[in-house]
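**Student:** Okay, here's the structure, questions in a sec.
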Amino acid sequence: MSPVESAPVAVLNCIDDYVELLYDDIPEKIKGSALILQLARNPDNLIELARNEALLSALSRVLREEWKRSIELSTNIVYTFFCFSTYIEFHSVIIQYKIGSLCMDVIDYELKRYDQWKERVEGKKQVLTPDKNELPKSRIPEPKRRPKSGTWAVADVNLQKTRQLVSSYHEDLCNASDEYLSKNDEEQMKRKLKTLSKRQEQLLRVAFYMLLNIADNIKVEEKMHKKDIVGLLIGAMERHSNIDLLILIVSFLQKLSIFVENKNSMTSKSIIEKLAPLLDSSNADLVNVTLKLLFNLTFDTKLRNKMIKVNLLPKFIQFTSDDKHINLAMKILYHLSMDDRVKLMFTQSDCVKLLTDMLLLNVNSECGMEAEGGGGAGTTDVLLAVCVNLAWCERAAQQMAAEGRLRELLARAFRHRNAMLMKLVRNLSHHTQTKPLFVEFVGDIAGAVTSEEAPEEFVIECLGTLSNILCLSNNIDIYAVVERYNLIPCIMKILDPENERDPELVLEGVVAAGALAAEERAAGALAAARGGHALVELLRLRQADDEHVLQTAFAFRQMLSHLAAADYLVNQTEAPAYLIDLMQDKNVEIRKMCDACLDIISQMENDWAERIKVERFRCHNGQWLSIVETLGEGAGAGTGAPDAAEDLPPYLSADYLTTHRLTTADSQNSLDDDSDSLSGDGDFNRMNSRNTSDAHTDEMYATLDSLSDKPLDSSALTNSDLKLLA
């Protein structure tokens, strides 16, 4: 942006003369502001100008009073303050004179005025006015001033000329009559609109740029948000006329989008729909900054769904072939690939095959491996992350593994010992349709597991892949693989608590033990190596980890499927005791797996069968038993006789239960609990002093009635249990 043409060269020593021009009429004010702008554009003059309070006061006053009358004047003054905003040391000057707030008012007015001009030129009946309660300054009669010299008539002529000079275009556009507008007049009005639009865009650009600079201050940015800076930016963006202005606006929106309040404001104004056309621009800088803004917005799930609805996914995929935009496009695709529904949309084109081929090329290149080895978020890293996400989709996994790509992926993974690439292979091995493709690579994967040279992270992924292949696979002799590659000693080293291995590796070892135990001979070998003891010991150490507990219970279930291994697990380990304790676990899946294990144990001829029946009875009727114990103790304490409890029947009737106040805090919480597990371990005390008129007490009475009427399987109880009930 250049200063006003035909202006003389400004001199710093004449600054007082330039300030004097700001007190004259509009032409002199424009000239004075242009000269001051020349000085401000030289950074060496900013310190001297910032110290001149008379100058800053005059500029801020003229901008506040005259900004509606002249776009050129407003542009010069705002541009001057923009020069100050480029250095953070001078931001206090802008804040002191409240230029930021004034600029937002200027932007709002100019946007509305443009809509008014456009409506007039297009001949629409409805006319938008900048301010409903205030006419533009150009329509308000000028206050008469006493001239410095000459007569009032001369002054009136000068004022009239000034007004015609500054506002002729605006007046012509506002006063144009739709009924009598000829074609020539219409073309002329369009040319004037174009001229005014260019001047206005210059003002908008410098104003937005100044606001962007001072928005480094968080408090200033919060004030901008309250004045709806997002709405002004989006309103200006819809004009689509000036590329430089669009780049600035989108950059400003990108900076604002890191705060959730601004992001929500963008969402309410349909930001995604307005950004979509910008991706078709031929300007690479505009497309790049638009992708940056969209990347910030992809952290919001709703906005990601909106991008899919407006069909932006094909455009993002298209940008992966452009070196200028591939990095940003990959990051956006990574966020989109986290949604299972979107994963399937990737398979509707050749995108998955293209991404896999790109990955094979980049991983094999030296620069790609340097990016991965450095740990930075390079293009190859993001591309690999996208493929890892897509591999969870079965259809995408089939496309990745087809046409020999699986062999290439495994070859590169083993060649470079790349853990992330092996994770991709592991995800591919989850699907039933792709498991047959892994049969020929079982030996290589098992050899990597037993190798002591591979990094631990790589071994974790190889072990997980091997477990996926062996699990439910009918094409592989599991015991042959175990014998040939000596897997049992390797897994026992991982499961040994004394080795203190990585918890993730230990978890994969438990999963592998469960996969190997599916075969009878392998399960026997695992039992002979005291694998059950190792699993129980690890369960005791990691009982707070639900995933570890669930996988251990599954390994027990696999071993219990074979007679020899089941006999070892039940009679020589404490596994049944732990399974009984886990019957009341909060995790539903753990409870189901424990029940399956206990069903098998209860059908075996051992001492655990009777205990399991009793424990299940107590678990199911835990509340009822606890209430009975409380009633028995309470009745004895109330009568004062030591043998008063013997007068009560073994099973209390509903009438007795409903005539006594039994509610306690523990029992109330237990009865109000919606979970499947019932606990009777609470400390029940008499509650004669408790207020029983609340709704929870009535609810408890109804629950007690239903419990007391429920038939109990007394055949499963021992004599000691019957005494306990009495």
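**Student:** So which residues in the stretch 584-609 are closer than 18 Å to L535 by Cβ and open to solvent by less than 20 Å² (accessible area, probe 1.4 Å), if there are any at all?
**Tutor:** Passing the criteria: I590, C594, C597, L598, I601.
**Student:** Can you confirm whether E186 is acidic (D, E), open to solvent by less than 70 Å² (accessible area, probe 1.4 Å) and either assigned by the TED database to the domain that holds L111 or under 28 Å from the mean Cα position of the chain (by Cα) (or both)?
**Tutor:** Numbers: acidic (D, E): yes; open to solvent by less than 70 Å² (accessible area, probe 1.4 Å): yes; either assigned by the TED database to the domain that holds L111 or under 28 Å from the mean Cα position of the chain (by Cα) (or both): no.
Spelling it out, it is not the case that E186 is acidic (D, E), open to solvent by less than 70 Å² (accessible area, probe 1.4 Å) and either assigned by the TED database to the domain that holds L111 or under 28 Å from the mean Cα position of the chain (by Cα) (or both).
**Student:** Of the residues that make up the stretch 450-460, is at least one open to solvent by 60 Å² or more (accessible area, probe 1.4 Å) and not in a loop (DSSP other than H, G, I, E, B)?
**Tutor:** yes
**Student:** I'd like to check something: does the stretch 478-495 contain any residue that is touching a residue at least 24 places away in the same chain (Cβ under 8 Å), open to solvent by less than 70 Å² (accessible area, probe 1.4 Å), in a loop (DSSP other than H, G, I, E, B) and more than 23 Å from H416 (Cβ to Cβ)?
**Tutor:** No: the stretch 478-495 contains no residue that is touching a residue at least 24 places away in the same chain (Cβ under 8 Å), open to solvent by less than 70 Å² (accessible area, probe 1.4 Å), in a loop (DSSP other than H, G, I, E, B) and more than 23 Å from H416 (Cβ to Cβ).
**Student:** Give the residues of the stretch 229-263 that are open to solvent by 10 Å² or more (accessible area, probe 1.4 Å), in contact (Cβ under 8 Å) with a residue 60 or more places away in the chain and out of contact with any Ser or Thr (no Cβ under 9 Å at 6 or more places or on another chain), sorted by residue number.
**Tutor:** If the condition is that a residue be open to solvent by 10 Å² or more (accessible area, probe 1.4 Å), in contact (Cβ under 8 Å) with a residue 60 or more places away in the chain and out of contact with any Ser or Thr (no Cβ under 9 Å at 6 or more places or on another chain), then L232, G235 are the ones that fit.
**Student:** If only one of K190, K223 is in contact (Cβ under 8 Å) with a residue 12 or more places away in the chain, out of contact with any Asp or Glu (no Cβ under 8 Å at 6 or more places or on another chain), part of a helix (DSSP H, G or I) and more than 21 Å from G100 (Cβ to Cβ), which one is it? Write out each step before concluding.
**Tutor:** Working: K223 fails: more than 21 Å from G100 (Cβ to Cβ).
Result: K190 is the single residue among K190, K223 that is in contact (Cβ under 8 Å) with a residue 12 or more places away in the chain, out of contact with any Asp or Glu (no Cβ under 8 Å at 6 or more places or on another chain), part of a helix (DSSP H, G or I) and more than 21 Å from G100 (Cβ to Cβ).
**Student:** Right, another one. Kindly indicate whether E508 is modelled with pLDDT of 90 or more, open to solvent by 50 Å² or more (accessible area, probe 1.4 Å) and within 34 Å of the chain's Cα centre (by Cα). Give the steps one after another, and end with the answer.
**Tutor:** On the way: modelled with pLDDT of 90 or more: yes; open to solvent by 50 Å² or more (accessible area, probe 1.4 Å): no; within 34 Å of the chain's Cα centre (by Cα): yes.
So E508 does not fit the description; no.
**Student:** Additional query: Here are some residues: S85, S92. Which one is under 15 Å from I214 (Cβ atoms) and without any contact (Cβ under 8 Å) to a residue 12 or more places away in the chain?
**Tutor:** Details: S85 fails: without any contact (Cβ under 8 Å) to a residue 12 or more places away in the chain.
Of S85, S92, the one residue that is under 15 Å from I214 (Cβ atoms) and without any contact (Cβ under 8 Å) to a residue 12 or more places away in the chain is S92.
**Student:** Pull out all pairs, ordered by first then second residue, where Cβ-Cβ is under 8 Å, the residues are six or more apart or on different chains, the first lies in the stretch 383-398 and is under 20 Å from T432 (Cβ atoms), and the second is acidic (D, E) and open to solvent by 20 Å² or more (accessible area, probe 1.4 Å).
**Tutor:** From the stretch 383-398, the pairs are W392/D340; C393/D340.
**Student:** Out of the helices (runs of 4 or more DSSP H) lying entirely within the stretch 264-370, which hold 2 or more residues that are crowded, with 16+ Cβ neighbours inside 10 Å and either outside the structural domain of V382 (by the TED database) or at positive phi (or both)?
**Tutor:** Values: elements: 271-275, 284-297, 301-309, 313-319, 326-336, 340-346, 351-364.
In the stretch 264-370, there are no helices (runs of 4 or more DSSP H) which contain 2 or more residues that are crowded, with 16+ Cβ neighbours inside 10 Å and either outside the structural domain of V382 (by the TED database) or at positive phi (or both).
**Student:** I need the full set of residues from the stretch 221-244 which are farther than 21 Å from I94 by Cβ and of a type in the set (A, V, I, L, M), in order please. Before the answer, list the steps.
**Tutor:** First pass over the stretch 221-244, keeping only residues farther than 21 Å from I94 by Cβ: 231, 234-235, 237-244.
Within the stretch 221-244, I234, M237, I243 qualify.
**Student:** Sticking with this one: Is it the case that E122 is at pLDDT 90 or above, surrounded by fewer than 16 Cβ atoms within 10 Å (Cβ to Cβ) and either out of contact with any Phe, Trp or Tyr (no Cβ under 7 Å at 6 or more places or on another chain) or over 20 Å from M237 (Cβ atoms) (or both)? Spell out the reasoning first.
**Tutor:** Details: at pLDDT 90 or above: no; surrounded by fewer than 16 Cβ atoms within 10 Å (Cβ to Cβ): yes; either out of contact with any Phe, Trp or Tyr (no Cβ under 7 Å at 6 or more places or on another chain) or over 20 Å from M237 (Cβ atoms) (or both): yes.
No; evaluated as a whole, the condition is false for this residue.
**Student:** Here is a further query. Here's a check for you: in the stretch 390-442, which residue that is part of a helix (DSSP H, G or I), over 27 Å from the mean Cα position of the chain (by Cα) and among the polar types (S, T, N, Q) is surrounded by the fewest Cβ atoms within 10 Å (Cβ to Cβ)?
**Tutor:** So, considering only residues that are part of a helix (DSSP H, G or I), over 27 Å from the mean Cα position of the chain (by Cα) and among the polar types (S, T, N, Q), the one surrounded by the fewest Cβ atoms within 10 Å (Cβ to Cβ) is Q398.
The values are calculated or read from the model by the stated rules, or taken from the named source; none is laboratory data. Everything numeric here is computed off the predicted structure, so don't read it as measured data. As a convention, Cβ positions derive from the backbone with ideal geometry for all residues, glycine included, and neighbour counts pool all protein chains shown. Just so you know, the surface numbers come from the protein's heavy atoms only, side chains and all, with ligands and any DNA or RNA stripped out. Shrake-Rupley method; radii C 1.70, N 1.55, O 1.52, S 1.80 Å.
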